1. Is it fair to say THR35 is β-branched (Val, Ile, Thr), more than 15 Å from the chain's Cα centre (by Cα) and in a helix (DSSP H, G or I)?
2. For a quick check of your reading of the model, give me the residue pairs whose first member lies in the stretch 34-48 and is aliphatic (A, V, I, L, M), whose second is outside any loop (DSSP other than H, G, I, E, B) and open to solvent by less than 20 Å² (accessible area, probe 1.4 Å), with beta-carbon atoms closer than 7 Å and at least 6 apart or on different chains.
3. Do you know which residues across the stretch 119-159 are of a type in the set (D, E, K, R), part of a loop (DSSP other than H, G, I, E, B) and either surrounded by 18 or more Cβ atoms within 10 Å (Cβ to Cβ) or over 16 Å from the mean Cα position of the chain (by Cα) (or both)?
4. Only one of these conditions is not met by PHE18: (1) open to solvent by 10 Å² or more (accessible area, probe 1.4 Å); (2) at pLDDT below 95; (3) not in a helix (DSSP H, G or I); (4) not hydroxyl-bearing (Ser, Thr, Tyr). Which number is it?
5. Within the stretch 92-116, how many residues are in contact (Cβ under 8 Å) with a residue 40 or more places away in the chain and either assigned to a helix (DSSP H, G or I) or within 16 Å of the chain's Cα centre (by Cα) (or both)?
6. Taking the conditions exactly as written (among the hydroxyl-bearing types (Ser, Thr, Tyr), farther than 21 Å from ARG79 by Cβ and in contact (Cβ under 8 Å) with a residue 24 or more places away in the chain), does TYR132 satisfy them or not?
7. Suppose the filter is open to solvent by less than 20 Å² (accessible area, probe 1.4 Å) and part of a loop (DSSP other than H, G, I, E, B); does LEU48 pass it?
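The values are calculated or read from the model by the stated rules, or taken from the named source; none is laboratory data. Bear in mind that the values here come from a model prediction, so they are computed numbers and not experimental data. With ideal geometry, Cβ positions are generated from the backbone for all residues, glycine too; neighbour counts draw on all protein chains shown. Keep in mind that these areas ignore ligands, DNA and RNA; they rest on the heavy atoms of the full protein, side chains included. Shrake-Rupley method; radii C 1.70, N 1.55, O 1.52, S 1.80 Å.
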Amino acid sequence: MFIPTNPRCPEEYIPYLFSDEEIELIFHVADSLCTGSSFARAEFPMILRMLYGCGFRIGELLNVRVGDVDFRRATVLLRNTKNKKQRLVPMSSSLTLMLERYCMALGLSTKPDSYLFPGRKPGQAISKSAVYSRFITVLKTAGIYVQPEPHKRGQCLHCFRHVFAVRSFAQAERSGRSPESSVPYLSVYLGHFDMDGTEKYLKFGGDMFPEYTDLFESYAGDVFSEVLYEE
């Protein structure tokens, strides 16, 4: 019996991009909502800054061990990513210093085999669900939480990865680099199998970067095929 393949439909998903003001407010609230636990006091604020500063997937970040961080070279080694590739991710000098102080404060500097963000149970990392739950609490406390529409993603930790991608694209353009030269590097940095995966990270409305919307859409129309959204 002949079964037709499903037609590939255009992907209408446009991620929620946090504004500069919202990012600042998220960090402020995350730093202020300190209970007695090391997760609330140090781990969660550091996780947010790593997601924002490096564009990690949350699963990738939580799998990092202390020994995977090279503070001298300011890099993080991702050993087992979504596409089964190792990836070396650079950090800014300010983020590297912050992470180094974080490791010292939690007594992790001499524990290379420990997870960078350890959970309550010995030998385990903090769970994704714990991070997501804390994130929603921060958004609600900050007064910027938006109830997601049915069957849509809405605000989530993965939005930081989108913000990172869009800002990297915009920064490259402001520095005089063409999309043809910057997007392939961004695709490799994000750990995508090919540039089609990067296209979803550079979908954005015109409110935040109106000057770059037409530029990217013009470039993307000639390069990217229809692809499914990935996380």
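1. Judged against the criteria, THR35 is not a match.
2. ALA42/TYR102; MET46/LEU99; MET46/TYR102; ILE47/LEU61; ILE47/VAL131; LEU48/ILE26; LEU48/ALA30
3. Result: ARG120, LYS121, GLU149, LYS152.
4. (1)
5. Result for the stretch 92-116: 5.
6. Yes, satisfied.
7. Considered against the rule, which asks whether it is open to solvent by less than 20 Å² (accessible area, probe 1.4 Å) and part of a loop (DSSP other than H, G, I, E, B), LEU48 comes out as no.
Okay, residues lined up against (1) at pLDDT 95 or above; (2) open to solvent by 60 Å² or more (accessible area, probe 1.4 Å):
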position	(1), (2)
CYS54	no, no
ARG87	no, no
MET98	yes, yes
MET104	yes, yes
PHE117	yes, no
